[in-house]
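Structure first, then comments.
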Amino acid sequence: MALSVLVVDDSSVMRSIVIRTLRMSGLELNEVLQAGNGKEALEILGKTWVDLVLLDINMPVMNGIEMIESIRKIPELSDLPMIVVSTESSTTRIDTLKQRGIGFVHKPFTAEMLRNSVIQLTGVTVNETTSDGSF
Amino acid sequence: MKRLQTDLFKAGLRVFEDLGFLLPSAEINEEQAQAQTQVAVTVEFSGPVGGMILLTLGGPILPVLTANMLGDELPTTEAQEIDALKEVCNVICGNLLPNLINEDAVFDIHPPQVRSVKNLESFLQMPSIHQAIGLEEGRADIRLFLPEEFLKREA
């Protein structure tokens, strides 16, 4: 299954890194959308279906935690797979996210780390012919 | 002080290697030592202990770092370079914080702020833990500012 993905980070450079890493990971991708904060992301999610959201925590306007809480309140999106890609290092916060069914990838990350997290959360399989396995 | 300096070096090393695809080194050669500071950024954090990280880059390293992060060819735009600089400092901070107290400690990392290179003197006079990292034809200087009593306890 080709994934439609929304990447949410206030850093355009980090969004580019996440998207490039996703493409290198061997995962089959459909549409890849971008947003600079949680509010922009919610606007996109109101108009477009995506299979997976990759989001940062520390963002202006609406941060990642507020965004997750907002998404979970929307019945059609309450099961949407989400992976936090962040510099967050507190095991207390990371465990809280994982208990809520949110994936977590720590910055800096490798293609393998990102791919494993996506596979674990969505159950998709990797197109081995395009996977280089490393970053 | 030695322990946190080592942690600072490891955090910087990891970020410049894994995010910037550079070959950082603890040893600074003559060219790197003489590289003039070009850009500066700070990231403040709060939690069980508050503090700040100041990252400065000397020499022509920021465009290379930015292009590497983007997976693009040079030239890069100034906006991309500032964004890359902020992100690098942010990730260094996030990788360092678990070493300050323990891995359970909850910190808030505040948005990075670009600083004028001309106005760094006040920061440089404050007590800090400093680690220089050699980066190709340039140098990164990472300074960790913590409350004085915390620095004394770590010394």
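The values are calculated or read from the model by the stated rules, or taken from the named source; none is laboratory data. Since we're looking at a predicted model, the values are computed, not measured. Please note: Cβ atoms are built from the backbone with ideal geometry, for glycine as well, and neighbour counts cover all protein chains shown.
The table for this structure:
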read-out	value
The lone exception for B:Phe123 - which of (1) part of a helix (DSSP H, G or I); (2) within 30 Å of A:Thr92 (Cβ to Cβ) it fails	(2)
Hits in region B:71-97 (condition: facing chain A (nearest Cβ under 9 Å) and surrounded by fewer than 18 Cβ atoms within 10 Å (Cβ to Cβ))	B:Gly71, B:Asp72, B:Ala79
Matching entry among A:Val105, A:Val50, A:Val85 (being touching a strand residue (DSSP E or B) at 6+ places or on another chain (Cβ under 6 Å), more than 25 Å from B:Leu97 (Cα to Cα), more than 10 Å from chain B (Cβ to nearest Cβ) and β-branched (Val, Ile, Thr))	A:Val50
Residue in region B:86-108 that is of a type in the set (S, T, N, Q), under 22 Å from A:Val13 (Cα atoms) and not in a helix (DSSP H, G or I) present	no
Candidates A:Leu77, A:Leu55, A:Leu114 - the one that is away from chain B (no Cβ under 14 Å), under 21 Å from A:Val13 (Cβ atoms), hydrophobic (A, V, I, L, M, F, W, C) and touching a helix residue (DSSP H, G or I) at 6+ places or on another chain (Cβ under 6 Å)	A:Leu55
Pick from region A:88-102, criterion closer than 19 Å to A:Met67 by Cα and assigned to a loop (DSSP other than H, G, I, E, B), ranking: nearest to the other protein chains (Cβ to nearest Cβ)	A:Glu88
Among the residues listed as B:Asp83, B:Asp7, the single one being out of contact with any Phe, Trp or Tyr (no Cβ under 8 Å at 6 or more places or on another chain), part of a helix (DSSP H, G or I) and either of a type in the set (S, T, N, Q) or modelled with pLDDT of 95 or more (or both)	B:Asp83
Index of the failed condition, A:Ala41 passing every other in (1) surrounded by fewer than 20 Cβ atoms within 10 Å (Cβ to Cβ); (2) under 12 Å from the mean Cα position of the chain (by Cα)	(1)
Filter result for A:Leu33 (under 13 Å from the mean Cα position of the chain (by Cα), farther than 19 Å from B:Glu87 by Cβ and modelled with pLDDT of 95 or more)	yes
Sole residue being without any contact (Cβ under 8 Å) to a residue 60 or more places away in the chain and of a type in the set (Lys, Arg), chosen from A:Arg115, A:Arg100	A:Arg100
Complete set of residues in region B:18-44 that are under 14 Å from the mean Cα position of the chain (by Cα), closer than 14 Å to B:Glu87 by Cα and within 14 Å of another protein chain (Cβ to nearest Cβ)	B:Leu19, B:Gly20, B:Val41, B:Val43, B:Glu44
Looking only at region A:5-30, and only at residues there that are under 11 Å from the mean Cα position of the chain (by Cα) and part of a strand (DSSP E or B), the one that is farthest from the other protein chains (Cβ to nearest Cβ)	A:Leu6
Verdict on B:Phe145 being aromatic (Phe, Trp, Tyr) and within 13 Å of chain A (Cβ to nearest Cβ)	no
Cross-chain or 6+ apart pairs with Cβ under 7 Å, region A:13-42 first and on the phi > 0 side of the Ramachandran plot, then surrounded by fewer than 18 Cβ atoms within 10 Å (Cβ to Cβ)	A:Gly26/A:Val126; A:Gly26/A:Asn127; A:Gly26/A:Glu128; A:Gly26/A:Thr130; A:Gly26/A:Ser131
Leading residue by the ranking (nearest to A:Ser11 (Cα to Cα)) among those in region B:45-62 that are surrounded by fewer than 17 Cβ atoms within 10 Å (Cβ to Cβ) and within 14 Å of chain A (Cβ to nearest Cβ)	B:Ser46
